[in-house]
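Notes to accompany the following structure.
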Amino acid sequence: MDKKIFVVIAAVCIMLAGCGDKKDTPKTGNDKKVAGGAVTKVTTQEEDEAAETTEAPKETEAPAEEGEEQGPTGADSYEHSLTKTFADKLDARNFSVTYVQNDIDGGEGMQLQYEETLEVNGTGGHQNIINADGSINEVFIVDGACYQADAESGEFQMTARGHVMSDLCSMVLGFSPAESEFKGAETYSDGTVQETFVDETNDTFVCTYADGDLISCESSGYLRDYKTFTEGGVAEIKLPEGN
């Protein structure tokens, strides 16, 4: 073989061998890549999910639905209750209160029984009662005696004597909370508070307050809705002139 041809063939083989030795750089999902001169890490889906599970879970609190019970968060005893605060106002013995009493145990829905306004000054009291039929009963309590107007003459006749005004809570609430068992208080999302009592006859009474003011008192058979309550300002209570 011509020597010159042999040299050419050998040179070509060397070039081919050199091309076969060049290897591509292997790529893996976790290797660093260079993109525009910045080093970034490419993560796998498994690593992304693992990273999410290591993050502290965010605590979420579902909003309370309107009217949903949030209690019991009220008073833990009668001495700390709103009813005790209200009873103290009554015991100051100078106030006026107006409420509507409804019958809720007649099987025909809520029925109006009467509306009463009670004024108290010391041991004196004045009740004005408007019945469901429109008739009016007016009562004065003076010097331990109870006087009621005669339906025909309009003159006041004594009907009772004794400690008529001794328990104002019973007159206003329909029961004596100090002599009943305090069962607890519950606060609702609308801000109202309900305090529950059970008396010696095992009757349950629920007093409801809004912004600290008494708005109703419910027991088996009746519901009292309180329209107004005013502390002070009641003058000495006397019988009308001519009686």
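Using 0.36 nm per residue of separation minus the Cα-Cα distance, give me the extension gain between residue 170 and residue 128 in nm, one decimal.
13.4 nm is the gain from fully extending residue 170 to residue 128.
Given a Förster distance of 30 angstrom, what is the FRET efficiency for residue 143 paired with residue 181, based on the Cβ-Cβ distance and rounded to 0.05?
For R0 = 30 Å, the calculated efficiency reads 0.30.
With a 1.4 Å probe and all protein chains in place, put 167, 190, 133, 88 in order of accessible area, largest first.
Largest accessible area first, the residues go 133, 190, 88, 167.
With every protein chain present, what accessible area does residue 217 have (1.4 Å probe, heavy atoms only), rounded to the nearest 10 Å²?
Answer for residue 217: close to 0 Å² accessible.
With labels modelled as points extended 7 Å from the Cα through the Cβ direction, what inter-label distance (nm, one decimal) is found for residue 190 paired with residue 210?
0.7 nm
Counting only protein chains, not ligands or nucleic acids, how are 93, 161, 224 ordered by accessible area (probe 1.4 Å), most first?
Output order, biggest surface exposure first: 161, 93, 224.
With all protein chains present, calculate the accessible area of residue 204 using a 1.4 Å probe and round the result to the nearest 10 Å².
Roughly 60 Å² of residue 204 is accessible to a 1.4 Å probe.
If we count every other residue with Cβ under 15 angstrom of residue 231's Cβ, Lys/Arg +1 and Asp/Glu -1, where does the sum land?
Local net charge: -2.
Can you give the FRET efficiency to the nearest 0.05 for residue 136 and residue 108, using r as the Cβ-Cβ distance and R₀ = 30 Å?
0.75
Quick one: what Rg and Dmax do you get for region 78-231 from the alpha carbons, in Å?
Gyration radius and largest Cα-Cα distance of region 78-231: 16.3, 53 Å.
Quick check: with the 1.4 Å probe, what order do 181, 236 take by accessible area, largest first?
Of 181, 236, the descending order of accessible area is 236, 181.
Just subtract the alpha-carbon distance of residue 92 and residue 243 from 0.36 nm times their residue separation and send over the number in nm, one decimal.
51.5 nm is the gain from fully extending residue 92 to residue 243.
The values are calculated or read from the model by the stated rules, or taken from the named source; none is laboratory data. Quantities reported herein were computed from a predicted structural model and do not represent experimental measurements. Positions of Cβ are backbone-derived with ideal geometry, glycine not excepted, and every protein chain shown enters the neighbour counts. Quick note on the areas: whole protein, heavy atoms, side chains included, nothing else; ligands and nucleic acids left out. Shrake-Rupley method; radii C 1.70, N 1.55, O 1.52, S 1.80 Å.
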